[in-house]
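The values are calculated or read from the model by the stated rules, or taken from the named source; none is laboratory data. This one's a predicted model, so the numbers in the text were calculated from it and none came from an experiment. Please note: Cβ atoms are built from the backbone with ideal geometry, for glycine as well, and neighbour counts cover all protein chains shown.
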Amino acid sequence: MIHPTGQPFLVYADAQGNITDFQDLHAAGMSGGIFQLPAKSDFIPLPEGSELFVLPGRLPIGCDCTTGEPLLIKEDPYSGKKIQAVAAFMAPAHTAILNGAYQTSKRAPRLPLFAYTAVGWYDGRFWTTAFRSDKDIRQDFVQFNQREIDSKTAKKLREHKNNKLIQHLGKCCLTYACPAARNYFLGRWEAPLPTSPVCNAQCIGCISLQISGKCSATQDRLQFVPTPAEISQVAIPHLQHAENAIVSFGQGCEGEPLLQAATIEKAIRMIRSRTERGTINLNSNSSLPQKVKRLADAGLDSLRVSINSAQIKYHKNYYRPKDFTLSDALESINVMKQKGKFVSLNYFILPGFTDSPQEYSALCDLLDTTHPDRIQLRNLNMDPEYYLKSIQFLPSAKPLGMKRWIQNLKTEFPSLQFGYFNPPVPKG
């Protein structure tokens, strides 16, 4: 991995969003509200397909080039005009080491549902504090040719005018540029199977439904339940022909798929009556272990359990669950493991919380008792300050640091896989 030969400099934006570097200060990072000077080895070139966001109502913080002390910049040092902090929203398969560093004003709006990673400028390019967490190229920017996507999507939509699910995926592909929907229409890798317009949780960071109105959802939620036949029409050809074929229930554009377990069970049986090829996966809050068991018996190959925390109180404060707890999710892991199935944790990463000593300890206990096969390192797409306030996080010690956190886990659990995506599950 390439790292800068020197320390990257602070970047900030003017009121119009124009980004400037300031070489009197180094770029700073933030971990659970603590500002720090990142190590040069924390930085990688800003991955292709990433975006830079300005952070309204937030002033940038840099570090003194001599002492490393965090310093607040209140105005443009060149013009004296108003400025805004800047952060990076990274391309898939990359995990944050530090968030962007800033001070929030009292009237600042809540940040939209994206992740905000520290960014700096050095030697003619942007650098961000992150590491590549999965070598899989399935969602890399260079893998997508828009002309090919438009052509193949239009063709499939014409051929399946009566399949509501395929029509919905066309919107995901063409309107929201969903990588999974794009790959479906390109006939490769992992294809999405959204099924549920309802949910049994009210996650504070839900990307498909925000009730408060203070923060918009990033996409529209599915408005219908597809039939088993509609689901099968997507899944069967994909599993039969795609390279490293996976189909996944549970997508960002829906609620909780286990609430449609009867439909999914029928669809899985229909799919498996036609092909044994490929992986059928479920992304879920895993709140209903008995329904997970039914799906495993029907032919479900893998389960991805989404959690923000291995601690019951923080899990509850984030998910705001209706009639389930973290214990139910852990029981779903046990159900799958007892049947010899593959289990991943879809573990939301926020530097300063994820690598806090108490969260690390709780995660180790969870891994010791449930033995999942893989952790998917997914950046938490949410305003960091609002998240910590909402879950009522009270830090008790200095964070480990994300690099030390993952190294400790690899040492403690040598058979545990780490990645970003759902892997194909070998048969047999």
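Details
- Condition broken by residue 186, with the remaining ones in (1) in contact with a Cys (Cβ under 9 Å, 6 or more places away or on another chain); (2) modelled with pLDDT of 95 or more; (3) hydrophobic (A, V, I, L, M, F, W, C) satisfied: (1)
- Enumeration of residues in the stretch 244-259 that are more than 20 Å from residue 227 (Cβ to Cβ) and either at pLDDT below 95 or not in a loop (DSSP other than H, G, I, E, B) (or both): 246, 252
- Within the stretch 313-342, the residues that satisfy the criterion of being among the basic types (Lys, Arg) and part of a helix (DSSP H, G or I) are 313, 316, 337.
- Screening the stretch 268-293 for residues that are small (Gly, Ala, Ser) and touching a Leu at 6+ places or on another chain (Cβ under 8 Å) and picking the one that is farthest from residue 320 (Cα to Cα) gives 278.
- One residue from 97, 61, 73, 83 being of a type in the set (Val, Ile, Thr), touching a helix residue (DSSP H, G or I) at 6+ places or on another chain (Cβ under 6 Å) and not assigned by TED's automatic domain parsing to the domain that holds residue 351: 97
- Of all residues in the stretch 105-116, those satisfying the criterion of being over 13 Å from the mean Cα position of the chain (by Cα) and closer than 30 Å to residue 253 by Cβ are 108, 109, 110, 111, 112.
- Pairing residues of the stretch 45-69 that are β-branched (Val, Ile, Thr) with residues that are part of a loop (DSSP other than H, G, I, E, B), at Cβ distances under 8 Å and at least 6 apart in sequence or on separate chains, gives 54/17; 61/28; 61/73; 61/101.
- Criterion applied to 4, 38 was being in a loop (DSSP other than H, G, I, E, B), farther than 29 Å from residue 357 by Cα and not small (Gly, Ala, Ser), and the one residue passing it is 4.
- From the list 152, 135, 156, the lone residue that is of a type in the set (Lys, Arg) and within 19 Å of the chain's Cα centre (by Cα) is 135.
- Among the residues listed as 25, 55, the single one being touching an Asp or Glu at 6+ places or on another chain (Cβ under 8 Å), of a type outside the set (Asp, Glu) and farther than 16 Å from residue 129 by Cα: 25
- Complete set of residues in the stretch 226-240 that are part of a loop (DSSP other than H, G, I, E, B) and either buried (at least 19 other Cβ atoms within 10 Å of the Cβ) or under 27 Å from the mean Cα position of the chain (by Cα) (or both): 226
- Looking only at the stretch 306-340, and only at residues there that are touching a strand residue (DSSP E or B) at 6+ places or on another chain (Cβ under 7 Å) and touching a residue at least 60 places away in the same chain (Cβ under 8 Å), the one that is farthest from residue 393 (Cα to Cα): 322
- Number of the condition not met by residue 99 [criteria: (1) under 30 Å from residue 234 (Cα atoms); (2) touching a residue at least 24 places away in the same chain (Cβ under 8 Å); (3) of a type outside the set (A, V, I, L, M)]: (1)
- Residues being assigned to a loop (DSSP other than H, G, I, E, B) and surrounded by 13 or more Cβ atoms within 10 Å (Cβ to Cβ) - total across the stretch 138-163: 6
- Residue 404 vs. criteria under 28 Å from residue 91 (Cβ atoms), outside any helix (DSSP H, G or I) and at pLDDT 95 or above: no
- Residues (closer than 13 Å to residue 231 by Cβ, surrounded by 20 or more Cβ atoms within 10 Å (Cβ to Cβ) and of a type outside the set (A, V, I, L, M)) located in the stretch 164-173: 168
- In the stretch 388-401, the residues that are modelled with pLDDT under 95 and in contact with a strand residue (DSSP E or B) (Cβ under 9 Å, 6 or more places away or on another chain): 395, 398
- The stretch 241-264, residues that are touching a residue at least 60 places away in the same chain (Cβ under 8 Å), among the hydrophobic types (A, V, I, L, M, F, W, C) and surrounded by fewer than 23 Cβ atoms within 10 Å (Cβ to Cβ): 245, 259
- Of the strands (runs of 3 or more DSSP E) lying entirely inside the stretch 68-119, those containing at least 3 residues that are buried (at least 20 other Cβ atoms within 10 Å of the Cβ) span 83-89, 94-96.
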